[in-house]
Structures are given as C-alpha cells and as structure tokens.
Amino acid sequence: MSTTTKEKPVTLKTLTNKQDLLSGGHRMCAGCGAPTVVRQVLLAIDEPVVISNATGCLEVSTCLFPYTAWRVPWMHSAFENAAATASGIETMYRALRKKGKIKKNMKFIAFGGDGGTYDIGFQALSGAMERGHQLLYICYDNGAYMNTGIQRSSATPFGANTTTCPAGSKIPGKLQKRKDLTRIMAAHNVAYAAQASPHNWRDLMTKVKKALASDGPAYMGIVAPCNRGWRTQTDDSILLSRLAVETCYWPLYEVENGTWTINYDPKDKKKPITEWIKPQGRFKHLFAPGNEWMLEKFQQIVDEDWESLKKLQGTFGR
Amino acid sequence: MSKVLLSGNEALAEAAVRAGCKRYFGYPITPQNEIPEYMSRRLPEVGGTFVQAESEIAAINMVFGASAVGDRAMTSSSSPGISLMQETLSYLAAAELPAVIVNMQRGGPGLGNIAPSQADYFQAVKGGGHGDYKLLVYAPASLQEVVNLTVQAFEKADEYRTPVMILGDGVIGQMMEPVELPEITPKRIEKPWALTGAEGRPGNVIRSLFMLPGEDGMLERHNYKLKIKYDRMVENEVMHESVHLEDAEIVIVAFGTAARIARTAVSIARSQGIKAGLIRPITLFPFPEQIIAAAAERVEHILVAEMNMGQMVEDVRLAVNGRTGVSFYGRPGGAVLTVEDIVSALQSAVPRGAGQKKMHTVR
C-alpha cells in the first residue's frame, strides 16, 4: 500500500513556494505551539492529505462554523475517536483504491492533543496502530487539558501545577511522572515512531516525510508549548521547545522498524532541567524552600529516562 | 448564618463535601470544570480523595468501585461526558449502588457547544443506558437549591441504594449567587451490603449479572424488585414548587433555568391581566404528574417551556391526559429562553373569547 514520499532534503527555499495548509485567522492563542507544529507537518507533505482531529484546542479553534482554517479535508468526530475516525477514512480509501475508484496516492493524519491521545483516546490509538492502518497519528503535546482550563493529563510533567493537581500545602503539584507514550507506541511495533520539536523544523519535517513513507502505521509526539498553561511569555514557544530538547526532557529520537536512533545528543552540553522549568510559572513552587527534593527528583526522572533511551539506542540502534 | 457568593459549580462541590462525599472522580469538560478543580483543592483538606480519571468512562466506574465499598462517591460532567457514562449508570442502577452524578448540561447533540441547555431531559429521566431502570433526578433552579439538593442527593442515594442525578446546566454551573452553606452532620445510613472485607460475616456480592445456572427468572425478579423501589420514589420523593396556582387560568410548566425565566414571565403576564401560574418540577423522576393532572382539571391551558426541542412536554401531556390544551415553547442548541418570548407565548395561548380556544403552538 505504501508509496514513497521522496525523501529529498527539506530546505527553506522549497518551503517558501508552498502554501500553508492551515491558514491564518484561526483562533488559537497568540504564541501557541500547536499551529506552528501543524503548519510544519503539513508543509512536509506533497500528496493529498486528509486530517482527522480529536476534540481539543486545535479542533475547536480552527473550525468555528462557518469558518475553517483548514485547506485540506478535515474531520472531527469526538474526543476519544481521532484514531478510529482516521482508521475508518483510511479503510474507505483502501476499498476505493481496490475498486479502482481512487487512483491518487493519499495520506492520512490524525491530530490529537495529549488529553485526547494519552488518556481518553488511547484505546482508539492503540487499536489503530495494532490493526496497521496506513496513517500517521500526531500528538501535539502541551502537557495538560488546556482547552478546558489546564487540568492535569497523563502527559503533565512531574511537579507541575494544574487546576486539578494544584500546588498547595498538602500536595505540591503533580506527583506522578509523565506517561512515555512514544515508547508505548514503539512497543506496538509500528513502522515508525518519533519525537520531534518545532524548534528543529528540519528534523520535524523529515520525520513527517519518513513517517508517511513508511509501510504501516506511524506515530509522532511533538512538544507544543502553551503559554496559558505553562504560564510563560507568548514569545517563548520556540525557545521552550528548544530547551525541552536540550535538557533532554523531550529527546529527539525515532524508531524505524525497531531501530532506535537518537537524533540529537547534547553530550556534555546537556542542560539542567531547571533551565526549562525556571521560565514556566507552572513550576514556580518547585523553587520554594522545602521543595528542593522535587527539583532533584525531576532531574533524576529526566536523567533516568535519557539514560534508558541511550541504552535502547545502544541495544537496538544501527 | 452568613451567606457566601459562589458559582453554582463551587457551591455544589462544597455542598457535596459537607454532605460527606469523600471520593470524587472526574474528567475535564466545560461548563463544569470548576467542580473537579474545587474538589482537587478541597478534598485533601478533609481527608478525602480526588482522582482525575483518563475518561468519563473511567470516572463513573471509579464511582462504581468506591460506592461498592460503602463510600459516598460522586462524579460530574456535562452532556457528551454523561453520554459516555451511560453504560455504568445502568450497571449502578442494576447493582443498586448509591452514587451522585452531576450533569451540567450543554448544547447538543454531538459536540454541540458549551452554552446552557436542557436537552438531556430524556436521557436523564427515561434511562439513558440500557435496561429498565430509573435515576432519581433533581433539577435545581437556584444555587441555594443546588446546595440543598446536593446534600439530599447523597442521602437519598444511600437510602434507596440508587444512582441520583443532579441535572443542572451551564447557567446553573457558571452563575454566581449568595448561598448559605449549612454545617451538616451527614445522615449516616448503615450499608451492610458494602464490600468491607467480610471479616466475621459472610461475604457480600454486588452484581448486575443474573444468568448463572439455577437463576432462571432471577433477572425478572430483580427487575420487579427495582420497580418496587421506583414506585416508592414516586410515592415519597416527588418535589415541586407552585407559583400563583390558586387562581391561575394558564400555567407554565418549566424546570431549572427555564423555570427561573418563566417565573419572571408569570409576574409580567399577571401585570398585563393574564392570570398565569407556574409549576416547577424539582424532581424530574419521579415526575410531579399528580399536581399537573390536578391543575389540568382547572386551568384553561398549559404551556411547557424548556431549553430543548420539547422533551418534558411529553411527560406533561401524559399527566394532563387530554384534560386541557398543552403547548410548547422552547429553544434548542444552547439558546436561552427570554422572558419576552415566554410572555408572548402566554399571550397567544390565552383564550381569545368564550368557548374559543386558540392555542399557540410553536412545535
């Protein structure tokens, strides 16, 4: 079923000639990381593409009837169903291809936020990956339910203050560590799983091309800073996504048919996690006296995850 | 007692805590997010537990688990989330587990919008899940009533061993009013059926499956048992409020937010010489059919006003049973009724002359 999206290098020059498939005029917040992520993803595609979108900021802010910001076919059904909806669309496409009613090579992408992906949409996502639909599921991960008012999700980092894990005198913010969804997707033995960040657009777009060219289902987790929920400046989105990578909170890596590759290894330039969390108001309480243990634990979590990722690359790398 | 200014969601959450709710399970959805947010701050202070679930399905099943061990447990959501909970509402009713479920309704169907609505009436009172079952359904129209009914909901849930729904909407959840928060010593009801470890007693069984060998007819008998319980509710739990019913010639039947608006419409209509009255069902199941039937004997006409396409009007028509004319005025999709529109519906429903009944029908 898969056909190759030519893996030619992504250059700014070629990109400037392409139309943004997510138009301006949508109602995402100023400084939101998600539309930047979506634009980069869509710029990487040359074939006709159909989008399935889970409920969330991206969905509700880009499709306020009678307006739409999407220049591609786009469908939303419910919160938990983006992967299932995409599965249905892709199945219909397969059937029409088989009957010769569609000749074009088309691509299918599902977008969900972390709430709609890690939590309520997880079952549908797992099912779609296992069945092997030829689709790419992309989670734009801002680490909480931002659309409904910053409630914790299973993607919320350890220690963060949200409206349902408020930092108070009894409980100092979120006590659990984040679910590592990219690894869980890799454990589905999908054709392609990767993490990306919008600060490294070339890496992100190359990964989208690889994902869509692979033979089978693909998953990408992309960090998407949210200044409302992270309590940061509106112009810090790209800086914060960069710091997420440079502190190894959000390592850039990919798993291609079982082969693990870390795409960016800071080596001895690995920054302490405080550089990423210091500018974020949601972590303010971690710097209060008495909470030093949380900063230490956060660093320990990041270090352990990073070391285990390097082991995976060592064992299952090229 | 001093009054405090709270939003409906906060007032409900605080009332639940005071009523002895120790376990809250929730999942984000507008316009009720203030309930889980309040609970996440408040419950740790009173030794309770707040858990954010990974979906509404998980949240209601956590309620099932907590209720089975005898805790006062609650969840809250809004329309699409309540739809996801329907399967377990049926299970709770079948297993006879007490629970409080809050639905701050929003516009539907589908993802709809986040504006206030009353379009989940059918789902709430007719049994939104599968099988023959009922929820005890309260429809508060003021924040003081939100507080009082929340406390009552926990008590009745335990008393009847049944899931109880508080059916509010975006207006009830989001608006602010001064409320008195009573210091409550929660009425404790013994729960000998609860799963508490079976030390020194035979084990308890909580179940909703009745198909084991030798259980022929058991599910039918279980349904009759539930029926007796629902009949007891019909007999003892009906709540309503009447306004100017004594001399009313035309009566509005409305619940919740729509009733607040209808109440103002009644006073305006009266100032124009229309003898209007209001019946406000406070329980939607059991439904105050007798009071409506009695009114139907006397009044010229009944106007049902709802923020939907006409749902409670069916129950009103059943209660009226042809005794008088019934018309409907409503707006769906998260639109809020206006006083002017209800007054004008009243005006056009008032008889134009002796023996002549020209009724307003919006449907």
What's the total number of residues in region B:34-57 that are facing chain A (nearest Cβ under 7 Å) and in contact with a strand residue (DSSP E or B) (Cβ under 9 Å, 6 or more places away or on another chain)? 6
Report yes if some residue within region B:217-238 is without any contact (Cβ under 8 Å) to a residue 12 or more places away in the chain and not in a helix (DSSP H, G or I); otherwise report no. yes
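For region B:249-265, enumerate the residues that are in contact with a strand residue (DSSP E or B) (Cβ under 8 Å, 6 or more places away or on another chain), of a type outside the set (G, A, S) and in a helix (DSSP H, G or I). Write out each step before concluding.
Going residue by residue through region B:249-265, those that are in contact with a strand residue (DSSP E or B) (Cβ under 8 Å, 6 or more places away or on another chain) are B:249-259, B:261-263, B:265.
Remaining after also requiring of a type outside the set (G, A, S): B:249-253, B:255, B:257, B:261, B:263.
Across region B:249-265, the qualifying residues are B:T257, B:I261, B:R263.
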Could you pull out every one of the helices (runs of 4 or more DSSP H) wholly within region B:51-131 that has 1 or more residues that are without any contact (Cβ under 8 Å) to a residue 24 or more places away in the chain and either crowded, with 24+ Cβ neighbours inside 10 Å or not hydroxyl-bearing (S, T, Y) (or both)? B:56-68
Which residue pairs have Cβ atoms closer than 6 Å, lie 6 or more positions apart in sequence or on different chains, and pair a first residue in region A:169-185 that is within 12 Å of another protein chain (Cβ to nearest Cβ) and under 14 Å from A:W293 (Cβ atoms) with a second residue that is surrounded by 19 or more Cβ atoms within 10 Å (Cβ to Cβ) and modelled with pLDDT of 95 or more? A:G173/A:G159; A:G173/A:A160; A:G173/A:N161; A:G173/A:C165; A:G173/A:A167
Going by the structure shown, is A:V60 assigned to a helix (DSSP H, G or I), more than 14 Å from chain B (Cβ to nearest Cβ), touching a residue at least 12 places away in the same chain (Cβ under 8 Å) and under 18 Å from the mean Cα position of the chain (by Cα)? no
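What number of residues within region A:120-133 satisfy the criterion of being more than 18 Å from the chain's Cα centre (by Cα) and either surrounded by fewer than 24 Cβ atoms within 10 Å (Cβ to Cβ) or at pLDDT below 95 (or both)? Show your work before the answer.
The first filter runs over region A:120-133 and keeps only residues more than 18 Å from the chain's Cα centre (by Cα), leaving A:127, A:130-133.
When the remaining residues are screened for being either surrounded by fewer than 24 Cβ atoms within 10 Å (Cβ to Cβ) or at pLDDT below 95 (or both), the result is A:127, A:130-132.
The total comes to 4.
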Of all residues in region B:58-87, which are within 10 Å of another protein chain (Cβ to nearest Cβ) and of a type in the set (D, E, K, R)? none
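Taking the conditions exactly as written (within 14 Å of chain B (Cβ to nearest Cβ), part of a loop (DSSP other than H, G, I, E, B), under 21 Å from B:R41 (Cβ atoms) and at pLDDT below 95), does A:S153 satisfy them or not?
On the way: within 14 Å of chain B (Cβ to nearest Cβ): yes; part of a loop (DSSP other than H, G, I, E, B): yes; under 21 Å from B:R41 (Cβ atoms): yes; at pLDDT below 95: no.
In short, no.
Which of the residues belonging to region B:14-33 are facing another protein chain (nearest Cβ under 10 Å) and either over 14 Å from A:P166 (Cα atoms) or surrounded by fewer than 24 Cβ atoms within 10 Å (Cβ to Cβ) (or both)?
Applying the first criterion (facing another protein chain (nearest Cβ under 10 Å)) to region B:14-33 yields B:26-33.
Hits for region B:14-33 are B:G26, B:Y27, B:P28, B:I29, B:T30, B:P31, B:Q32.
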Identify all residues within region A:1-25 that are among the acidic types (D, E) and at pLDDT 90 or above; write none if there are none. A:D20
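If a residue counts only when it is surrounded by fewer than 24 Cβ atoms within 10 Å (Cβ to Cβ), which strands (runs of 3 or more DSSP E) contained entirely in region A:183-295 have at least 2 such residues?
Details: elements: A:192-196, A:218-223, A:253-256, A:259-262.
The strands (runs of 3 or more DSSP E) meeting that bar are A:253-256, A:259-262.
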Within region B:317-352, the residues that are closer than 15 Å to B:A248 by Cβ and either under 19 Å from the mean Cα position of the chain (by Cα) or charged (D, E, K, R) (or both) are B:R323
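Pick out the one residue from A:T163, A:T85 that is part of a helix (DSSP H, G or I), within 14 Å of another protein chain (Cβ to nearest Cβ), modelled with pLDDT of 95 or more and surrounded by fewer than 24 Cβ atoms within 10 Å (Cβ to Cβ).
Details: A:T163 fails: part of a helix (DSSP H, G or I).
Unique residue meeting the criteria: A:T85.
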If I ask for residues that are part of a helix (DSSP H, G or I) and surrounded by 11 or more Cβ atoms within 10 Å (Cβ to Cβ), which ones from region A:7-28 would you list? A:T14, A:L15
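Does B:G48 satisfy the condition of being small (G, A, S), surrounded by fewer than 22 Cβ atoms within 10 Å (Cβ to Cβ), at pLDDT 95 or above and out of contact with any Pro (no Cβ under 8 Å at 6 or more places or on another chain)? Quick ask: steps written out before the conclusion?
Numbers: small (G, A, S): yes; surrounded by fewer than 22 Cβ atoms within 10 Å (Cβ to Cβ): yes; at pLDDT 95 or above: yes; out of contact with any Pro (no Cβ under 8 Å at 6 or more places or on another chain): yes.
In short, yes.
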Just checking, does region A:92-113 include any residue being within 14 Å of chain B (Cβ to nearest Cβ), closer than 23 Å to B:I114 by Cα, surrounded by 19 or more Cβ atoms within 10 Å (Cβ to Cβ) and touching an Asp or Glu at 6+ places or on another chain (Cβ under 6 Å)? no
Selection over region B:167-211 where residues are touching a helix residue (DSSP H, G or I) at 6+ places or on another chain (Cβ under 6 Å), under 30 Å from B:L6 (Cα atoms) and of a type in the set (V, I, T) yields a count of 5
All conditions in (1) closer than 23 Å to A:V223 by Cβ; (2) without any contact (Cβ under 8 Å) to a residue 24 or more places away in the chain are true of A:G100 except (1)
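The values are calculated or read from the model by the stated rules, or taken from the named source; none is laboratory data. Values in this document were obtained by computation on a predicted structure and should not be read as measured data. Here the Cβ is made from the backbone with ideal geometry for all residues, glycine too, and neighbour counts use every protein chain on show.
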